[in-house]
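A.B. asks: I have a structure I would like to understand better, so I am pasting it below and will then ask my questions one at a time.
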Amino acid sequence: MITSELFEAYLACPTKCFLKSIGESSKENAYATWIENRKQSYCREGVKRLPPNTLQIVDIRDLKRVRLMAPQCFVLDRAVQAQNLGSSVHAVQLIPPPGAHTSSQIVPIRFVHTNKLSRADRLLIGFDAFVLSNAAGAQVGLAKIMHGDHWSVFKMKTSLVSREVGKVVSKITALLSATSPPEIVLNRHCPECEFQDRCRKRAIEKNDLSLLGLTDKEKAKFNRKGIFTVNQLSYTFRPRRRAKRFAGRSEKYHHSLKALAVREGKTHLVGNVQLQMEGTPVFFDVEGLPDRDFYYLIGLLVGSEPAAQHHTLWATEAADEQKIWRGLLDILSSINNPVLLHYGSFETSFIKKMSERYGKPTEDSAAGRAITTSINLLSVIFAQVYFPCYSNGLKEIARFLGFEWTDTLSSGLQSIAWRYEWEESRDPAIREKLIAYNADDCSALRIVAQSIARLTGSGSGESPSELGAIRVESLRKNSPSKWHTFKSPVSDLDQINAAAHWNYQRDRVYVRSGLEKRRTIRRSKTMSRHKAAQQTIVLKAPASCPECGTEWRKRGRVRSITVQDLVFGRYSVKRRIVKYLVQSHCCRGCRYDFDLHEWYLRGHARKWGWNVLSYFIYHVVGYASRNGRCNTPCTGCSVST
């Protein structure tokens with residue numbers, strides 16, 4: 001049976017849905033357990049917030065026998081079932097019929113603890129409505145979601161997601177009826193899944209491509225080429241010379257080079273990697289609650305070892321957010337030439353939002369320069385520094401460099417759970433745990449920055465090869481070429497082979513006699529691009545057939561043509577690219593097709609519109625323009641016969 005739990009699991013990962021359906025045992029995940037407990041407690045609180053006249057019913061079919069004079073809510077004692085579908089509907093609202101001959105309207109209600117609704121939340125309430133409709137034998141056209149800290153109500157028409165819900169149900173049916181489990185694919189849901197360790201272990205054993213964070217489209221592309229493992233992908237990398245016209249563009253990310261770095265266990269560098277830290281480095285990390293757009297902890301690590309200083313800014317409530325932002329600016333202002341470094345876009349978004357909410361310092365101040373020129377280390381690493389890790393996550397790279405967190409199970413998601421637990425209990429031990437995790441992130445950031453500085457040569461005089469890194473430009477192509485280097489045990493044959501090129505070199509040398517050598521001029525081929533229409537005009541089709549005059553006609557397809565035309569205003573004449581639309585018709589009497597004027601249909605691609613032709617004839621006849629040519633500088637058109 002497809003339940004709402006399996007439906008929700010499939011939206012996150014097909015493998016998770018399959019494992020739940022067969023009752024696979026899972027390793028306890030602290031964050032997953034916390035999320036499940038939070039969902040259940042929020043649902044219980046939501047039921048308490050329903051109107052006091054809420055009734056409990058056992059069977060959904062009992063709703064048909066209820067006669068109401070006003071809207072009323074019901075709580076079901078058991079899951080709703082219909083054929084092979086089952087859903088744990090949180091609550092149901094029954095709205096009286098508007099007329100005597102109409103039935104009551106059934107509205108399912110779902111409680112969601114997050115402030116921001118996701119696509120999965122909308123599909124889940126759509127699944128509730130789908131199952132409820134089949135069980136009650138009535139159409140369910142409206143659904144409600146009560147969510148967030150303020151218990152906001154979101155109303156949705158079920159027709160918006162009914163088709164997608166049906167497709168997902170069909171896919172789940174095919175998945176559960178299959179004899180073999182689905183292919184293991186690691187995705188973004190893995191950190192909050194109870195099967196994370198199991199799936200990652202299997203993926204490492206298989207050396208699966210999903211370890212590299214490939215999208216489904218990229219993975220399918222490699223699979224079509226017969227590449228299924230990271231080891232196979234590593235042999236496809238080819239170091240190529242970068243074209244001069246791409247010198248100013250950012251480097252392209254190569255999954256094959258990442259696979260090569262993992263296989264060889266060495267860091268690979270691409271291009272000229274630069275990390276400018278001319279000043280006092282300030283490594284900072286921010287913790288927040290994305291669902292509430294609330295930042296509660298800022299950690300700063302100023303300077304390098306052994307004189308590094310750590311600062312912590314803590315916000316107890318949302319009102320303290322401005323206080324910690326001002327504290328950050330004060331610390332930066334007290335540092336001589338601070339250089340702000342962070343990892344990822346979370347801190348970039350933090351700086352932007354705080355500047356919009358509470359204002360930013362002047363650009364000529366030390367804090368203003370540090371915020372404006374902050375360095376995102378992830379952007380420096382991306383596509384240029386390939387560490388022998390499956391991803392570019394801070395934890396993977398820092399652990400490769402020898403750093404380890406105080407709490408090995410700590411993570412960004414776990415810090416969210418800790419913050420909510422602290423808000424409920426105000427336990428100082430949880431607060432210290434969050435501060436310690438934030439401090440470890442700052443230390444890990446410093447380790448990564450120092451490593452990149454050494455690799456780029458800005459931190460020491462050592463070359464990348466001395467540090468165990470490999471420059472991609474120095475790699476030889478690992479594919480055999482048909483032009484092998486000639487080698488012979490007879491030294492004379494080597495000299496003969498080298499002399500074989502002399503005739504060619506002699507023919508390529510000439511003395512200039514004062515006359516330039518004529519060369520053919522190659523003209524670059526420019527592709528003609530169709531400009532987008534600036535105005536769309538719908539032409540009215542004739543009411544009757546222009547051939548026989550019969551009004552009995554049959555509609556055809558809509559015809560269109562885009563031309564350069566003139567638009568006449570009251571005091572102006574403007575040139576515009578106009579798209580004309582007209583409904584084509586076919587006369588039922590004489591079978592004559594008529595739509596656009598024959599002027600537009602004559603020729604493969606008519607360039608000028610009817611107004612341009614009229615304007616041209618007006619100049620030729622009215623002003624007696626010579627040579628049959630009319631130039632109109634005001635419109636930029638030049639038409640000749």
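A.B. asks: Restricting attention to the range 178-199, which residues are under 22 Å from PHE228 (Cα atoms), assigned to a helix (DSSP H, G or I) and among the charged types (D, E, K, R)?
C.D. replies: ASP197, ARG198
A.B. asks: Let me ask something else. In the range 261-301, what count of residues is obtained for those that are modelled with pLDDT of 95 or more and of a type in the set (A, V, I, L, M)?
C.D. replies: Residues that pass the stated criteria total 9.
A.B. asks: Something else: Of the residues that make up the range 296-305, is at least one out of contact with any helix residue (DSSP H, G or I) (no Cβ under 9 Å at 6 or more places or on another chain), in contact (Cβ under 8 Å) with a residue 40 or more places away in the chain and buried (at least 16 other Cβ atoms within 10 Å of the Cβ)? Don't jump to the end; show me each part of the working.
C.D. replies: As a first pass, look at the range 296-305 and keep what is out of contact with any helix residue (DSSP H, G or I) (no Cβ under 9 Å at 6 or more places or on another chain): 303.
Next cut, in contact (Cβ under 8 Å) with a residue 40 or more places away in the chain only: none.
Within the range 296-305 (the criterion being out of contact with any helix residue (DSSP H, G or I) (no Cβ under 9 Å at 6 or more places or on another chain), in contact (Cβ under 8 Å) with a residue 40 or more places away in the chain and buried (at least 16 other Cβ atoms within 10 Å of the Cβ)), the answer is no, since none of the residues qualifies.
A.B. asks: How about the range 138-177: which of its residues are in a loop (DSSP other than H, G, I, E, B) and either free of Cβ contacts under 8 Å to residues at least 60 places away in the same chain or under 28 Å from the mean Cα position of the chain (by Cα) (or both)? Even if it seems obvious, please write down each step before you answer.
C.D. replies: Step one: list which residues in the range 138-177 are in a loop (DSSP other than H, G, I, E, B), which gives 138-141, 148-151, 161.
Scanning the range 138-177 gives GLN139, VAL140, GLY141, GLY148, ASP149, HIS150, VAL161.
A.B. asks: Same structure again: Can you tell me which residues in the range 17-32 are in contact (Cβ under 8 Å) with a residue 24 or more places away in the chain and out of contact with any Phe, Trp or Tyr (no Cβ under 6 Å at 6 or more places or on another chain)?
C.D. replies: Matches in the range 17-32: PHE18, SER21, GLU24, LYS27, GLU28, ASN29, ALA30, TYR31, ALA32.
A.B. asks: Do we have any residue at all in the range 203-215 that's part of a strand (DSSP E or B), not basic (Lys, Arg) and not assigned by the TED database to the domain that holds SER25? Don't jump to the end; show me each part of the working.
C.D. replies: As a first pass, look at the range 203-215 and keep what is part of a strand (DSSP E or B): 208.
Pick out the ones that are also not basic (Lys, Arg) and you get 208.
Keeping just the survivors that are not assigned by the TED database to the domain that holds SER25 gives 208.
Yes, the range 203-215 has at least one match.
A.B. asks: Moving on to the next point. Does the range 349-362 hold any residues that are surrounded by 15 or more Cβ atoms within 10 Å (Cβ to Cβ) and assigned to a loop (DSSP other than H, G, I, E, B), and which are they?
C.D. replies: Listed by number, the residues that qualify are LYS360, PRO361.
A.B. asks: Something else: Within the range 224-243, is there a residue that is modelled with pLDDT of 90 or more, more than 22 Å from GLU205 (Cα to Cα) and either in contact with a Ser or Thr (Cβ under 7 Å, 6 or more places away or on another chain) or charged (D, E, K, R) (or both)?
C.D. replies: yes
A.B. asks: Further question: Residues in the range 587-601: is at least one assigned to a helix (DSSP H, G or I), among the charged types (D, E, K, R), at pLDDT 55 or above and on the phi < 0 side of the Ramachandran plot?
C.D. replies: Filtering the range 587-601 for residues assigned to a helix (DSSP H, G or I) gives 598-601.
This time we only want the ones that are among the charged types (D, E, K, R), so: 598.
Still in the list and also at pLDDT 55 or above: 598.
Filter once more, so that each one left must be on the phi < 0 side of the Ramachandran plot: 598.
Within the range 587-601 (the criterion being assigned to a helix (DSSP H, G or I), among the charged types (D, E, K, R), at pLDDT 55 or above and on the phi < 0 side of the Ramachandran plot), the answer is yes, since at least one residue qualifies.
A.B. asks: Just a yes or no: is a residue in the range 88-103 surrounded by 17 or more Cβ atoms within 10 Å (Cβ to Cβ) and touching an Asp or Glu at 6+ places or on another chain (Cβ under 6 Å)?
C.D. replies: Going residue by residue through the range 88-103, those that are surrounded by 17 or more Cβ atoms within 10 Å (Cβ to Cβ) are 89-94.
Within this subset, residues satisfying the condition of being touching an Asp or Glu at 6+ places or on another chain (Cβ under 6 Å) are 89.
Yes; the residues of the range 88-103 include at least one that is surrounded by 17 or more Cβ atoms within 10 Å (Cβ to Cβ) and touching an Asp or Glu at 6+ places or on another chain (Cβ under 6 Å).
A.B. asks: Which condition number does GLY288 fail, the rest of (1) closer than 30 Å to ILE435 by Cβ; (2) small (Gly, Ala, Ser); (3) over 27 Å from the mean Cα position of the chain (by Cα) being met?
C.D. replies: (3)
A.B. asks: Check every one of the helices (runs of 4 or more DSSP H) wholly within the range 374-435 and list those with 2 or more residues that are crowded, with 18+ Cβ neighbours inside 10 Å and small (Gly, Ala, Ser). Break it down stepwise before answering.
C.D. replies: Details: elements: 377-381, 394-400, 412-425.
Correct list: 412-425.
A.B. asks: Please pick out the residue among ILE324, ILE351 that is in contact with a strand residue (DSSP E or B) (Cβ under 7 Å, 6 or more places away or on another chain) and at pLDDT 95 or above. Explain how you work it out, then say what you get.
C.D. replies: On the way: ILE351 fails: in contact with a strand residue (DSSP E or B) (Cβ under 7 Å, 6 or more places away or on another chain).
When all the criteria are applied, what remains is ILE324.
A.B. asks: LEU467 is checked against (1) modelled with pLDDT of 80 or more; (2) within 30 Å of LEU257 (Cα to Cα); (3) touching a Ser or Thr at 6+ places or on another chain (Cβ under 9 Å) and fails just one. What number does that condition carry?
C.D. replies: Every condition holds for LEU467 apart from (1).
A.B. asks: Another question about this same structure. Give the number of residues within the range 325-348 that are surrounded by 18 or more Cβ atoms within 10 Å (Cβ to Cβ) and of a type in the set (D, E, K, R).
C.D. replies: Residues flagged as surrounded by 18 or more Cβ atoms within 10 Å (Cβ to Cβ) and of a type in the set (D, E, K, R) within the range 325-348 amount to 1.
A.B. asks: If you don't mind, there's one more thing I want to ask. Just one of ASN115, ASN134 is in contact with a strand residue (DSSP E or B) (Cβ under 8 Å, 6 or more places away or on another chain), of a type outside the set (A, V, I, L, M, F, W, C) and not in a helix (DSSP H, G or I); which is it?
C.D. replies: Of ASN115, ASN134, the one residue that is in contact with a strand residue (DSSP E or B) (Cβ under 8 Å, 6 or more places away or on another chain), of a type outside the set (A, V, I, L, M, F, W, C) and not in a helix (DSSP H, G or I) is ASN115.
The values are calculated or read from the model by the stated rules, or taken from the named source; none is laboratory data. If you're wondering where the values come from, they're calculated on a predicted model, not measured in any experiment. We place every Cβ from the backbone using ideal geometry, glycine too, and count neighbours over all the protein chains shown.
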